[in-house]
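Here is the structure we will look at, set down as structure tokens.
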Amino acid sequence: MILNIPMKHLPIILALSLCLFCACNNKPKTDYDYEAAARAFTADESFYPILDEELEVYNALHAQGELEPIYTDQEDAIRRLMKNEVWLAFTTRQLSPKEMDGLKSKNFMPRVIPIGYDGLAIIVNNANPDTCITVRDFKRILSGEVTNWKDIYPSSKLGAIDVVFDNPKSSTVTWCVDSLLDGKPIQGSDNIGAVKKSAEVVDWVEKHENALGIIGSNWLNDRHDTTNVTFKKNVTVMKVSRVDSATVSNSWRPYQYYIYNGNYPLVRTIYAILNEPRSGVPSGFAHFCRLPKGQLIILRAGLLPVQADINRREVNVNTQ
């Protein structure tokens, strides 16, 4: 059929047709790639051992698709979350009010899910005879007030304290600054440094008699010991005391039970920060870590799950 359209109406019809064409080919624009963000999560590198175990079990039980872990420093993990490169980040700090407001202004609803507690361990070389330290002296080291072992232990002959962190922007550094130094920066650039990974901290301390390393305790647990009371033998985990004079009887190592009963003073919370717009694999994994199976993995790894149900038993050890 041939339509006879008056010439005076033709410009209007062409304009309407153009608008319809543009509308059909215009998809809503967003500043993120949902599919890419839904395939990965970020985490501070210090949580690699525990999160790899969680992820292995989660992938075996669920068929929605596998997640790719991106282990980095804590600030980079949060930066990627803020830029919508990922929907899930594991950290030891919550989002700041500014960060929360920034996400909410884009119509996101970020959720912060605590999943467990980790003891921050202080490690020294096996040749170091001094194995107890106070929180006060640890603060003095980080503030630059103390730089030599003899300033804490007068009989020590180890010389300068060689302090090593896992990464300059790691959760370990952030926690020490926020929780021990009241937000003031760590001092002592001549004797305080950082490597790139947690495993390198252990390696450095093992090779240097005057070294002191700060590391997440989940890197030190002996996986062959199901009682979670054995640390790796190549370094010494110091006992830490809340009082100003450390002794064997008032100092504690970051064993699971001493985190649970509050004796160990250097404890940080592990958070899953979730910003997924819809319920997908990142949401599923974050909630799995909080559910009974995920919490059991945290318990067996020697950390303290948020939903802790620990039975205390007295054990007599025969040393003969």
Enumerate the pairs (first residue in the range 246-262 and charged (D, E, K, R); second residue anywhere and at pLDDT 95 or above and in a loop (DSSP other than H, G, I, E, B)) with beta-carbon separation below 9 Å, excluding pairs fewer than 6 apart on the same chain, so at least 6 apart or on different chains.
253/238; 253/264
Subset of the range 80-109, residues outside any loop (DSSP other than H, G, I, E, B), surrounded by fewer than 16 Cβ atoms within 10 Å (Cβ to Cβ) and among the basic types (Lys, Arg), comes to 98, 104
Search result, residues across the range 173-202 that are without any contact (Cβ under 8 Å) to a residue 60 or more places away in the chain, surrounded by fewer than 16 Cβ atoms within 10 Å (Cβ to Cβ) and more than 20 Å from residue 234 (Cα to Cα):
177, 181, 182, 183, 184, 185, 187, 189, 190, 193
In the range 67-77, how many residues are touching a residue at least 40 places away in the same chain (Cβ under 8 Å) and either buried (at least 20 other Cβ atoms within 10 Å of the Cβ) or over 25 Å from residue 106 (Cβ atoms) (or both)?
3
If you check residue 258 against the conditions, is it buried (at least 21 other Cβ atoms within 10 Å of the Cβ) and farther than 28 Å from residue 69 by Cα?
no
If residue 272 satisfies every condition in (1) surrounded by fewer than 22 Cβ atoms within 10 Å (Cβ to Cβ); (2) modelled with pLDDT of 95 or more; (3) under 20 Å from the mean Cα position of the chain (by Cα) but one, which is the exception?
(1)
Contact list, first residue from the range 281-301 and charged (D, E, K, R), second anywhere and open to solvent by 20 Å² or more (accessible area, probe 1.4 Å) and assigned to a helix (DSSP H, G or I), beta-carbon distance below 9 Å, six or more apart or interchain, is 293/57; 293/61; 300/53
In the range 25-60, anything buried (at least 17 other Cβ atoms within 10 Å of the Cβ), small (Gly, Ala, Ser) and modelled with pLDDT under 95 is listed as 37, 38, 40, 46
For the range 110-169, give me each residue that is in contact (Cβ under 8 Å) with a residue 60 or more places away in the chain, assigned to a loop (DSSP other than H, G, I, E, B), touching a Ser or Thr at 6+ places or on another chain (Cβ under 8 Å) and open to solvent by less than 20 Å² (accessible area, probe 1.4 Å).
125, 128, 166
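The values are calculated or read from the model by the stated rules, or taken from the named source; none is laboratory data. From a predicted model like this one, the values you see are computed outputs, not experimental measurements. FYI the Cβ positions are ideal-geometry reconstructions off the backbone, even for glycines, and counts take in every protein chain you see. Surface accessibility is based on the protein's heavy atoms, side chains included, excluding ligands, DNA and RNA. Shrake-Rupley method; radii C 1.70, N 1.55, O 1.52, S 1.80 Å.
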